Amino acid sequence: MSDDMTSATPSPRTTSRDSLKNSGSAPQGGGAGNGGASLRGSRVRPGDLIFHSLSTGSAIFIMVILAGVALFLIIQGIPAIVADWSTDPSLHEGFTLAYNNFWQYVGPLLYGTLFSSAIALVIGAPIGIGIALFISHYAPRRVAGFLGYIVDLLAAVPSVVFGLWGIIVIRPFLLPFSEWLNTNLGWIPLFGGQVSTTGSTILAGSVVLSVMILPIITSISREIFLQTPRLHEEAALALGATRWEMIRLAVFPYAKSGIVSATLLGLGRALGETMAIAMIISPAILVSIRLITEGENSQTIAANIALNFPIASTLQRQALIGTGLMLFVISLAVNIIARYIVTRGSAGGGGKKRKRPTLPITPMSDTSATTTLDIVTEEQKLGRIAVNSRAEGASV
Amino acid sequence: MSLLTQRAARDGAPANSLTSGQLPRFAEVSIIGGSAVASGLVLMLLGFNFVGWLVLTAIVYLVVLGVLSSIVENRRKATDRLVRGIVSVAFILAIVPLVSTLYTVVSRGISSLSWQFITQSGGSSFNADTLEVTNTPGALQAIVGTLIITGIAALISIPIGLFTSIYLVEYSLPGSWLARTVTMLVDVMTGIPSIVAGLFAFSLFSIIMGPKAFSGFSAAVALSVLMIPTVVRSCEEMLRLVPGDLREASLALGVSKFSTIARIVLPTAIAGIVTGIMLSIARVIGETAPIFMAASFTDNFNANPFDGPMQTLPVMAYTGFAFPGTDIDASHNAAWGAALLLVLLVVILNLIARIVARVFAPKGSR
């Protein structure tokens with residue numbers, strides 16, 4: 001979708017700029033160019049000046065905010081990160097008692113964060129990509145937009161509601177399943193150990209997480225599947241490929257980098273998700289790969305902050321802020337890698353640059369905006385296809 | 001073609017070579033029905049279970065379809081049908097949690113929803129000195145808190161977001177480093193974990209106001225960190241959809257850049273912008289973790305966003321389960337009530353957004 005827009009928008013912008021410049025040079029001859037005034041600085045209108053500085057100012061303010069987030073987390077986190085936890089009186093008590101330093105504390109939490117997100121991804125990513133495929137290539141065109149809207153509704157459900165749902169529905173639902181896994185597949189370390197009787201396991205938490213990351217994975221992959229060049233698809237079908245072969249031959253190669261970054265953005269969402277984990281699992285700060293045990297569920301950073309923040313002393317709060325800083329760094333890294341993969345994908349194409357997919361502008365796409373945009377995109381796409389085929393006809 | 005003729009020759013097939021070697025059209029439907037009945041019967045013997053029935057039906061359907069298709073048709077078509085089945089099942093898998101969540105919230109929350117619940121401030125209030133807990137159902141303090149905090153967050157983020165998107169679309173030179181950096185940073189900001197935003201607001205205000213820095217305003221700051229990138233994104237998207245011809249026509253008439261944007265570009269895109277803003281409000285109104293960090297929780301009615309903890313609906317739903325009072329059932333009921341109210345708010349915001357998009361859409365865009 002944004003591919004169309006990035007390719008479509010520069011032209012009006014540059015032309016309007018050109019026209020500005022042209023009218024800016026006009027005053028020397030005719031002296032009637034108000035549009036060029038701001039560029040030449042001959043007669044700046046106050047409204048223009050204020051508006052320009054306001055919008056530039058807020059763009060810069062966004063940089064300030066992001067820098068502020070990092071800065072304040074560092075300022076508040078540093079005292080606890082550098083402190084010696086075994087001797088410091090306010091850290092040598094309560095939930096930070098057992099740890100000698102910050103890294104000992106944050107290590108298992110980091111592990112738990114990555115582990116639960118990885119499980120959520122293993123469950124959620126294939127389903128999410130499958131749904132995207134269903135909506136983009138299998139569902140009847142007329143209902144596809146509506147089906148996409150339904151999946152996007154999942155993104156609108158507040159996380160705390162998913163947490164409550166996990167407590168009431170998912171925990172009991174997974175109990176018999178995890179008992180079965182434990183008795184029959186207990187020799188696999190994942191399913192070993194003392195099976196939980198309450199269901200507050202990391203498996204339950206990750207299942208809820210996977211539901212929460214579905215919409216982001218689906219909406220991004222869907223947009224990218226829809227960007228597949230129509231001619232590639234039609235060529236594959238014309239050669240006698242079945243629909244699945246067409247998808248494997250035309251859609252997947254084209255959307256590969258997009259799928260990877262959709263998955264990574266889903267991972268980013270899962271890493272930072274707090275409430276589902278905090279409400280569902282009964283945590284322990286340890287490194288364990290067991291999924292369905294009582295008290296061997298690795299805690300995540302976000303859930304740990306949420307659980308301990310209200311009962312923490314000042315320095316303990318700073319310790320929690322330090323763990324939050326780690327989470328910030330990781331999810332930043334994941335997000336940047338995800339964006340990088342897409343840009344590298346588009347840069348690697350060389351001459352075929354325009355044909356590579358780009359990420360849709362809003363990752364967790366707002367629903368109705370997307371649907372209206374889809375219509376526009378369809379029209380643009382049709383237009384482009386027409387242009388393409390005309391160009392090809394000309395070259396032939 | 002040669003495959004078809006070979007097959008036709010081998011099977012001694014009927015004259016219609018176009019449809020030979022294909023499953024009839026009614027095959028898929030009848031296999032679904034057959035596998036539903038069969039797995040229902042099997043489960044009747046073992047003990048019926050709705051979810052188990054659905055799962056078994058799906059598995060039986062996929063297996064039977066795959067086998068039949070690879071016998072009657074060929075392996076390629078069998079794979080094709082199998083993938084179609086799997087993909088459809090994946091879609092149903094996504095619908096199940098949505099329906100189940102909404103059903104659970106409505107069925108559990110409807111009992112605690114009443115006029116009193118909305119107009120009364122209450123909850124289980126805990127007196128630390130006497131260890132006494134009193135319970136009154138009520139969510140007024142949470143409703144007011146949610147509206148105030150979200151309102152302030154919107155007041156902060158809408159101007160910043162809108163002006164930033166105006167900068168990106170109208171003012172920045174194509175490829176200028178500031179535009180590229182801001183675009184990149186907005187991308188990065190969408191990935192900030194919500195709890196980190198809460199920690200940021202808490203850190204900021206604890207430096208200014210000391211260690212007990214809980215306030216509604218602080219929570220609003222946290223929410224606006226989350227809201228600004230989505231506002232920028234949706235506004236940018238909408239502004240870019242405004243045809244360049246309109247700008248050029250306006251500029252060519254000698255209208256200043258400011259008037260062009262304010263009188264031509266913004267009114268054209270206003271429906272989309274309002275929709276995007278509504279949806280981003282709906283997104284942050286349900287955020288729990290940042291509000292919990294920055295505004296903490298309380299059962300007292302507090303309408304002053306600059307002083308003391310403030311209760312909100314998502315936090316009320318969370319604390320009702322995480323820190324229940326002595327009367328656990330009452331706490332849980334209050335939590336479900338709050339969750340239902342929250343879902344209703346989100347639904348209303350989404351509906352408004354869709355109506356705005358439908359009613360105020362510029363003429364001729366459809």
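Which one of B:326, B:268 is surrounded by fewer than 20 Cβ atoms within 10 Å (Cβ to Cβ), β-branched (Val, Ile, Thr) and touching a strand residue (DSSP E or B) at 6+ places or on another chain (Cβ under 7 Å)? Lay out the reasoning, then the answer.
Working: B:268 fails: touching a strand residue (DSSP E or B) at 6+ places or on another chain (Cβ under 7 Å).
So the residue among B:326, B:268 that is surrounded by fewer than 20 Cβ atoms within 10 Å (Cβ to Cβ), β-branched (Val, Ile, Thr) and touching a strand residue (DSSP E or B) at 6+ places or on another chain (Cβ under 7 Å) is B:326.
Limited to the stretch B:195-214, what total is found for residues that are surrounded by 24 or more Cβ atoms within 10 Å (Cβ to Cβ) and free of Cβ contacts under 8 Å to residues at least 40 places away in the same chain?
3
Testing residue B:96 on (1) in a helix (DSSP H, G or I); (2) surrounded by 18 or more Cβ atoms within 10 Å (Cβ to Cβ), one condition comes back false. Which one is that?
If we test residue B:96 against (1) in a helix (DSSP H, G or I); (2) surrounded by 18 or more Cβ atoms within 10 Å (Cβ to Cβ), just (2) comes out false.
Can you confirm whether residue A:162 is within 12 Å of chain B (Cβ to nearest Cβ) and modelled with pLDDT of 90 or more? Reasoning before the result, please.
On the way: within 12 Å of chain B (Cβ to nearest Cβ): yes; modelled with pLDDT of 90 or more: yes.
Yes.
Given the condition assigned to a helix (DSSP H, G or I), touching a Lys or Arg at 6+ places or on another chain (Cβ under 8 Å) and more than 7 Å from every other protein chain (Cβ to nearest Cβ), answer yes or no: does some residue in the stretch B:178-193 qualify?
Yes, the stretch B:178-193 has at least one match.
Check the stretch A:67-78 and report whether any residue there is within 13 Å of chain B (Cβ to nearest Cβ) and within 30 Å of residue A:201 (Cβ to Cβ).
Taking the stretch A:67-78 first, the residues within 13 Å of chain B (Cβ to nearest Cβ) are A:67-78.
This time we only want the ones that are within 30 Å of residue A:201 (Cβ to Cβ), so: none.
No, the stretch A:67-78 contains no residue that is within 13 Å of chain B (Cβ to nearest Cβ) and within 30 Å of residue A:201 (Cβ to Cβ).
Is it the case that some residue within the stretch B:216-225 is crowded, with 22+ Cβ neighbours inside 10 Å, on the phi < 0 side of the Ramachandran plot and of a type in the set (Ser, Thr, Tyr)?
There is at least one residue in the stretch B:216-225 that is crowded, with 22+ Cβ neighbours inside 10 Å, on the phi < 0 side of the Ramachandran plot and of a type in the set (Ser, Thr, Tyr).
So residue B:174 fits all but one of (1) farther than 18 Å from residue B:287 by Cβ; (2) more than 7 Å from chain A (Cβ to nearest Cβ); what number is the exception?
Unmet for residue B:174, out of (1) farther than 18 Å from residue B:287 by Cβ; (2) more than 7 Å from chain A (Cβ to nearest Cβ): (2).
Just the residues that are within 11 Å of chain B (Cβ to nearest Cβ) and within 19 Å of residue A:122 (Cα to Cα), please, taken from the stretch A:214-246. Full working, then the answer.
Step one: filter the stretch A:214-246 for residues within 11 Å of chain B (Cβ to nearest Cβ), giving A:214-218, A:240-246.
Result: A:214, A:215, A:216, A:217, A:218.
Can you find, within the stretch A:253-285, the residue that is surrounded by the most Cβ atoms within 10 Å (Cβ to Cβ) among those that are away from chain B (no Cβ under 12 Å), out of contact with any strand residue (DSSP E or B) (no Cβ under 7 Å at 6 or more places or on another chain) and of a type outside the set (A, V, I, L, M)?
A:258
Identify, please: which residue in the stretch A:315-333 is over 14 Å from residue A:69 (Cα atoms) and in contact with a Ser or Thr (Cβ under 7 Å, 6 or more places away or on another chain) and is, among those, surrounded by the fewest Cβ atoms within 10 Å (Cβ to Cβ)?
A:315
Any idea which residue in the stretch A:38-68 is surrounded by the fewest Cβ atoms within 10 Å (Cβ to Cβ), counting only those that are small (Gly, Ala, Ser) and at pLDDT below 80?
Quick first cut of the stretch A:38-68, residues small (Gly, Ala, Ser) only: A:38, A:41-42, A:47, A:53, A:55, A:57-59, A:67-68.
Subset that is at pLDDT below 80: A:38, A:41-42, A:47.
Numbers: A:38: 20, A:41: 8, A:42: 13, A:47: 13.
Applying the filter and picking the extreme gives A:41.
Assess whether residue A:123 counts as being over 30 Å from residue A:198 (Cα atoms) and either among the acidic types (Asp, Glu) or within 20 Å of the chain's Cα centre (by Cα) (or both). Full working, then the answer.
Values: over 30 Å from residue A:198 (Cα atoms): no; either among the acidic types (Asp, Glu) or within 20 Å of the chain's Cα centre (by Cα) (or both): yes.
In short, no.
Residue B:165 - would you say it is in a helix (DSSP H, G or I), over 24 Å from residue A:212 (Cα atoms) and within 8 Å of chain A (Cβ to nearest Cβ)?
For residue B:165, the condition - in a helix (DSSP H, G or I), over 24 Å from residue A:212 (Cα atoms) and within 8 Å of chain A (Cβ to nearest Cβ) - is not met.
Under 18 Å from the mean Cα position of the chain (by Cα) and within 30 Å of residue B:217 (Cα to Cα), is that true of residue B:295?
Numbers: under 18 Å from the mean Cα position of the chain (by Cα): no; within 30 Å of residue B:217 (Cα to Cα): yes.
No; evaluated as a whole, the condition is false for this residue.
Please specify each residue of the stretch B:215-272 satisfying the condition of being acidic (Asp, Glu) and either free of Cβ contacts under 8 Å to residues at least 24 places away in the same chain or more than 8 Å from chain A (Cβ to nearest Cβ) (or both).
Initially, the stretch B:215-272 is screened for residues acidic (Asp, Glu), giving B:236-237, B:245, B:248.
B:245, B:248 - these are the residues of the stretch B:215-272 that are acidic (Asp, Glu) and either free of Cβ contacts under 8 Å to residues at least 24 places away in the same chain or more than 8 Å from chain A (Cβ to nearest Cβ) (or both).
Any residue in the stretch A:80-95 that is part of a helix (DSSP H, G or I), closer than 14 Å to residue A:301 by Cβ, without any contact (Cβ under 8 Å) to a residue 12 or more places away in the chain and of a type in the set (A, V, I, L, M, F, W, C)?
Checked against the condition, which is being part of a helix (DSSP H, G or I), closer than 14 Å to residue A:301 by Cβ, without any contact (Cβ under 8 Å) to a residue 12 or more places away in the chain and of a type in the set (A, V, I, L, M, F, W, C), the stretch A:80-95 yields no hits at all.
Residue check, residue A:288 against (1) surrounded by 23 or more Cβ atoms within 10 Å (Cβ to Cβ); (2) more than 9 Å from chain B (Cβ to nearest Cβ), all met but one. Which one?
Every listed condition holds for residue A:288 apart from (1).
The values are calculated or read from the model by the stated rules, or taken from the named source; none is laboratory data. It should be emphasised that the depicted structure is a prediction, and the values quoted were computed from it without experimental measurement. Here the Cβ is made from the backbone with ideal geometry for all residues, glycine too, and neighbour counts use every protein chain on show.
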